[in-house]
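Notes to accompany the following structure.
Each value in this text was obtained by applying a stated rule to the coordinates, not by laboratory testing. All of these numbers come straight from a predicted model, not from anything done at the bench. So basically every Cβ, Gly included, is an ideal-geometry build from the backbone, and we count neighbours across all protein chains shown.
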Amino acid sequence: MPDTITREAPRQATGTAEFDAIVIGAGFSGLYQLHLLRDRLGLSVRVLEQADGVGGTWYWNRYPGARCDSESHSYCFSFSEDLYKEWEWTERYPEQPEIMRYLNWVADKLDLKRDIGFNTRVTACRYDAVANRWQVTTEGGETLAATYLITAVGCLSTANVPKIPGLESFQGHWYHTGQWPHEGVDFSGLRVGQIGTGSTGIQAVPVIAAQAKHLTVFQRTANYSVPARNGPLSDDFKAWTKENYRTIREVMHSTPNGHPFVISDRSCWDVSAEERRTLYEAAWEKGGLQFRATFRDLLIDKEANDTAAEFLRAKIREIVKDPETAAKLADIDHPYAAKRPPIDTEYFEAYNRDNVSLVDVRSNPIERITPKGAQLRDGTEVELDIIVFATGFDAMTGPLLRLGITGRDGLPLSEAWAAGPRTYLGLQVAGFPNMFTITGPGSPSVLCNMPIAIEQHAEWIADCIAHLRAKGIARLEPAPEAVDRWVEHVNEAAHATLLPQAGHSWYLGANVPGKPRVFMPYAGGMARYRQICADVAAKGYEGFVLSD
Ligand code: NA7
């Protein structure tokens, strides 16, 4: 990447603020993209962010127990050795406030905030083919234009609140975990109902249970979970991460999921049943996402997966004292890790408390919310003061579709994606020239440790823009055939694994009624994907149409 160039000042001829690039979102991706385009390429860049601060997904997800499930020494930028070594994490997994401190520290250190417009919600992005510019409109009535439009809106930023009849009549308060009040919520002495037992719900249950008078958990799909084994980091470990910065980065770049651990090359069938159990026990004791790295075939061989699944179900039955509750929690209908595998701190243990109860809403759904609580199909009314929706997100496509994007000939993105997202490499959409989607659908994104996926995308985009400018190329967009081939490849990659077997997962869009069922992230592995993107660039942006 060239270390150029002079910055162009924004031009203000028509009331429209003019830039080389507009980036939407100021989370990990928007911050790094701004740094690369402004400080390495010398472009004029404006970042638009609807929140009043940096942080992206982490700005909004302030729910009780909010913590990342990537380990802290891997959940950070690794492009700069200095930056990596200067920051000190305190715990094995970073808690939401610590991630916010970190991202603010990075933004200040790189002097990024001066080019970010906060409290600025984008309402429309329109490609003007004649001018070859993206026209962006904000809720506050600002208009901006730029040659390059880069979406850095995250994959999990559009809250999914299920439309349960009667919610408007509820006399208590309700909250979605992804839009949590900044001042927090005091559950003391209150009856709380939590809907949802995904990664978020599993983190929130023990924290809410410790404070509330009573917590009722409404579970639709029972879920696996492995202990996180969180705790403070020792000085030795902190020193080790700094001394081994390069090795850690190399490991993260060489593994399919971008985490700082290696997936075993052992098959589940290479060992005896007894040895297998010993290995699962050790992985359970160690805790964290590494559990799924115990054997190389856990995500591709259903019978191998069954051995892990049965081990984890047995753990639930062992931990949870009431057999009926244990049976509901262990009645899991999908392969282990086919949905995003949660990790927890005393989740199953929480069901041993007198103030926690579990309702299986698959067999006895919530029919309506009443002024006093939740009414179940069998007629029971569960009285509640607070409802917590831990019901996830309109993942991956939701954050992009709400930007009001229209491409060439006025084609709305929602129309281009009516049957599900279609991209080339998860980076670009045919008919939307010079628009780049960081961690877009069709890229590894949520199947990878996010900062690793984000850095690769932001760097690829910056290199691509540098190439276009160096060669005087006005436009780049994918050829429709390249999109067809990539969509097919994304499908094949998913079906080579057990991931599509969790038919109700948000990877497939199945959690949002009416959303097309398409497996969205690229399951072929981050290391392989990195190579594919590098090869495409090396071959003169193969599969893209470059025009003057
Ligand atoms: P998830 O993983 O989408 O989990 C949402 C949970 O909410 C899940 O248990 C859903 O059950 C449940 N849900 C959703 N809608 C309903 C309705 N209408 N009724 C009952 N239950 C419902 O979101 P999270 O926030 O936990 O995690 C998202 C990601 O954040 C996570 O994967 C990490 O990457 C970080 P379902 O399984 O759909 O039956």
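Worth pointing out:
- Contact order relative to length of the range 167-389, as percent, for alpha carbon pairs under 8 angstrom and 6 or more apart: 36 percent
- Cα shape, the range 167-389, gyration tensor, a/c 1.5 rule: prolate
- Across the chain, the relative contact order, built from alpha-carbon pairs under 8 Å that are at least six residues apart, equals 19 percent.
- The stretch between Asn244 and His173, if pulled fully straight at 0.36 nm per residue, gains 20.8 nm over its current Cα-Cα span.
- Footprinting exposure proxy ranking of His504, His182, His259, fewest other C-beta atoms within 10 angstrom first, gives His182, His504, His259.
- For Leu233, the amide hydrogen comes within under 5 Å of the amide hydrogens of Glu91, Arg92, counting only partners 5 or more places away or on other chains and with H modelled in the peptide plane.
- Within straight-line reach of Lys238, meaning a Cα separation under 24 Å, sit the following lysines at least 8 residues removed in sequence or on another chain: Lys85, Lys109, Lys286.
- Estimated D of the range 274-367 in µm² per second, where Rh is the Kirkwood radius over Cα pairs and Stokes-Einstein applies at 4 °C, 1.567 mPa s: 89 µm²/s
- Taking a ≥ b ≥ c as the square roots of the eigenvalues of the Cα gyration tensor, an a/c ratio of 1.5 or more together with a/b no larger than b/c marks the range 319-358 as oblate.
- Shown in residue order for the range 309-324 are the 3J(HN,Hα) couplings computed by the Karplus curve 6.51 cos²θ - 1.76 cosθ + 1.60 at θ = phi - 60°: 4, 5, 4, 6, 5, 5, 4, 4, 5, 6, 7, 7, 6, 6, x, 5 Hz (x for Gly and Pro).
- Dimensions of the range 221-302 from C-alpha coordinates, computed as largest minus smallest value along each principal axis and given longest first, are 38, 29, 27 Å.
- Mean Cβ count within 10 Å, highest first, over the residues of peptides 75-81, 522-528: 522-528, 75-81
- For the range 148-257, the set of GluC sites (Glu not before Pro) satisfying both a DSSP loop assignment and a count of at most 15 other C-beta atoms within 10 Å is given as Glu183.
- Sorted fewest first by neighbouring Cβ atoms within 10 angstrom, Lys109, Lys315, Lys539 come out as Lys539, Lys109, Lys315.
- Computed [θ] at 222 nm, helices only, for the chain once each DSSP H run of length n ≥ 4 contributes -39500 (n - 2.57): -9000 deg cm²/dmol
- Descending Cα extents along the principal axes, the chain, whole Å: 69, 58, 46
- Partners for Lys372 among lysines (Cα-Cα distance below 23 Å; same-chain residues under 8 apart left out): Lys163, Lys213
- Highest average first, the peptides 287-297, 266-276, 442-452 ordered by how many other beta carbon atoms sit within 10 Å of their residues are 442-452, 287-297, 266-276.
- In nm, spacing of pseudo-spin labels at Trp284 and Glu346 (7 Å Cα→C-beta vector): 2.0 nm
- For the range 276-282, 3J(HN,Hα) per residue [Karplus equation, 6.51 cos²θ - 1.76 cosθ + 1.60, θ = phi - 60°, Hz, x = Gly/Pro]: 4, 4, 4, 5, 5, 4, 5
- Our coupling estimate for the range 214-219, obtained by passing each phi through the Karplus curve with A = 6.51, B = -1.76, C = 1.60 and θ = phi - 60°, is 8, 10, 9, 9, 9, 9 Hz, Gly and Pro reported as x.
- Less than 5 angstrom separates the built amide H of Glu18 from those of Arg11, Ala145, all sequence-distant by 5 or more or on a different chain.
- For Gln194, the residues whose amide H sits under 5 Å from its own are Thr216, Val217, Phe218, Val388, ignoring neighbours fewer than 5 places away on the same chain, with H placed 1.01 Å from N.
- Label-point gap, in nm, between Arg362 and Asp52 - each point 7 angstrom along Cα→Cβ: 4.3 nm
- Going from the fewest other Cβ atoms within 10 Å to the most, the residues Thr147, Thr278 appear in the order Thr278, Thr147.
- Overall form of the range 383-496: prolate. Here a/c, set by the Cα gyration tensor axes a ≥ b ≥ c, is 1.5 or more, and a/b is the larger of a/b and b/c.
- Here's the list of lysines a cross-link from Lys471 could span, going by alpha-carbon distance under 18 Å and ignoring same-chain residues fewer than 8 apart: Lys539.
- Pairs of Cα atoms nearer than 8 Å and 6+ residues apart set the relative contact order; for the range 58-176 it is 14 percent.
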